[in-house]
Amino acid sequence: MWLLMLMASLGGCRWFTVPPHLPVASSVALDELIVYSDFELPENHRLLRDLELLRADVTGQLSMPVSDEQIQVYVFKTPKRYKKFLREHFPNFPDRRAFFVETDTRLSVYSYWGDRIAEDLRHEVCHGYLHAVVPEIPLWLDEGLAEYFECSRGDAGLNEMHLEQLLEAQDDREWQPDLAHLEQLENVSEMHQIEYAESWLWAHFFLRTTPARKQILQDYLTQCRTHPARPLSKGLLKVEPDAEKNLIAHLKMLKETPSLFQDQADVKSLETDRLK
Ligand SMILES: [Zn+2]
């Protein structure tokens, strides 16, 4: 999830000083990221290297320029400290393990060191990398790409949980692709699990099937950087009228032969992951 907040609503220069209880005892600087924590996080920790590599993955696959806008990542050692901070500073936020906040002057991620910290940080930091370059990215695409890039590198964007949910929903005739519907969503509170899953599938469809589809997505993101976002569905259905039908075919192929959508670099990355 990500939440857009305006400086005005935060009361002047509140963000220029460190709010109490922020976990800043330790910090590690990595290119665009500064990772703060309230415990010692080794500089060469695998998770930190992973976040650095993520930037190259995101900008490379989406053909986006690298931004020098800094992203602050705050990691609390325990959920208790994290929740206390949330209650004091973001009392209206929903109960999530991690979140991304964009203000006029800052891109920040908050989380705690739990079992799913790697996935959570990849998801939220991906929002940071995207917003640093495409601040007006449509919600569905923002979430779809974050769900895609939160997968560990060897998984090549294959989000098993979403895959299973979509297959089941499709079998039960409870879901059909509807990109125009996703494009109407403006707030994360309107996005349910199935909308996250479909957004992920579109991201996977664009990035892992044909060079032409990848190009459509890259061109669209370039447009979003300079113009208010127009619906992607209109342009897509013009060049590929059966895109939604093809998305279902892609879903089924992904279940039956996932290896078709991995390249050699992914396989190598998966093997390296297993060795670690
Ligand atoms: Zn998100």
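Round to the nearest 10 and give me the degree value, 0 to 90, for the angle of helix 193-208's Cα axis relative to the longest principal axis of the chain.
So the inclination is approximately 70 degrees.
What is the spread of the Cα atoms of segment 16-99 along each of their three principal axes, largest first, in whole Å?
Sorted from largest, the Cα extents of segment 16-99 read 39, 29, 25 Å.
For Leu30, list long-range residues whose amide hydrogen, built 1.01 Å from N in the peptide plane, is under 5 Å from its own amide hydrogen.
Placed amide hydrogens put Val35 under 5 Å from Leu30.
Could you tell me the calculated FRET efficiency between Lys80 and Ile34, based on Cβ-Cβ distance and R0 = 22 angstrom, to the nearest 0.05?
The value I calculate is 0.40.
When the gyration tensor of segment 136-276 is built from Cα positions, what are the square roots of 5 times its three eigenvalues, in whole Å, from largest to smallest?
24, 18, 15
Keeping every protein chain present and rolling a 1.4 Å probe, give me the accessible area per residue for the chain in Å².
On a per-residue basis, the chain sits at 50 Å².
Starting with the highest mean, order 108-114, 74-80 by the number of other Cβ atoms within 10 Å, averaged over the residues of each peptide.
108-114, 74-80
Which order, highest average first, do 234-247, 151-164, 134-147 follow once you tally other Cβ atoms within 10 Å for each residue and take the mean per peptide?
Going from most to least packed, we get 134-147, 151-164, 234-247.
Karplus couplings for segment 156-170 from phi (6.51 cos²θ - 1.76 cosθ + 1.60, θ = phi - 60°), rounded to Hz, Gly and Pro as x?
6, x, 7, 9, 4, 4, 5, 4, 4, 4, 5, 4, 5, 5, 6
Using θ = phi - 60° and the Karplus curve 6.51 cos²θ - 1.76 cosθ + 1.60, what whole-Hz ³J(HN,Hα) does each residue of segment 184-190 get, with Gly and Pro shown as x?
7, 6, 10, 9, 4, 5, 8
Counting residues in the chain as N, plug N into 2.2 N^0.38 Å and put the Cα Rg over that result.
1.01
For segment 130-143, just list the computed ³J(HN,Hα) in residue order, Karplus coefficients 6.51, -1.76 and 1.60, θ = phi - 60°, integers in Hz, with x standing in for Gly and Pro.
Computed from phi, the couplings for segment 130-143 are 5, 5, 5, 10, 10, x, 9, 4, x, 3, 4, 6, 4, 6 Hz.
Can you give the extra length, in nm with one decimal, that the chain gains between His45 and Asn187 once fully stretched, where that is 0.36 nm per residue apart less the Cα-Cα distance?
47.7 nm
Quick check for segment 153-275: number of Lys pairs with alpha-carbon distance under 19 Å, counting only pairs 8 or more apart or on different chains?
5
Non-local amide H neighbours of Ile71 (under 5 Å, H modeled in plane, Pro and chain starts lacking H): which ones?
Under 5 Å from the amide H of Ile71 lie the amide H atoms of Leu33, Ile34, each far enough along the sequence or on another chain.
Just to confirm my numbers, what's the Cα centroid distance between segment 186-250 and segment 90-131 in Å?
Computed from Cα coordinates, the inter-centre distance equals 23 Å.
Relative contact order for the chain: what percent, with Cα pairs under 8 Å and sequence separation of 6 or more?
17 percent
About its Cα centre, what dipole magnitude does segment 40-186 give when the only charges are +1 on Lys and Arg Cβ and -1 on Asp and Glu Cβ, stated in debye to the nearest 20?
With only Lys, Arg, Asp and Glu charged at Cβ, the dipole is about 940 debye.
The values are calculated or read from the model by the stated rules, or taken from the named source; none is laboratory data. This structure is a prediction, so every number in the text was calculated from the model and none was measured. Counting neighbours? That spans all protein chains shown, and the Cβs are built from the backbone with ideal geometry, glycine included. These accessible areas exclude ligands, DNA and RNA; they are computed on the full protein's heavy atoms, side chains included. Shrake-Rupley method; radii C 1.70, N 1.55, O 1.52, S 1.80 Å.
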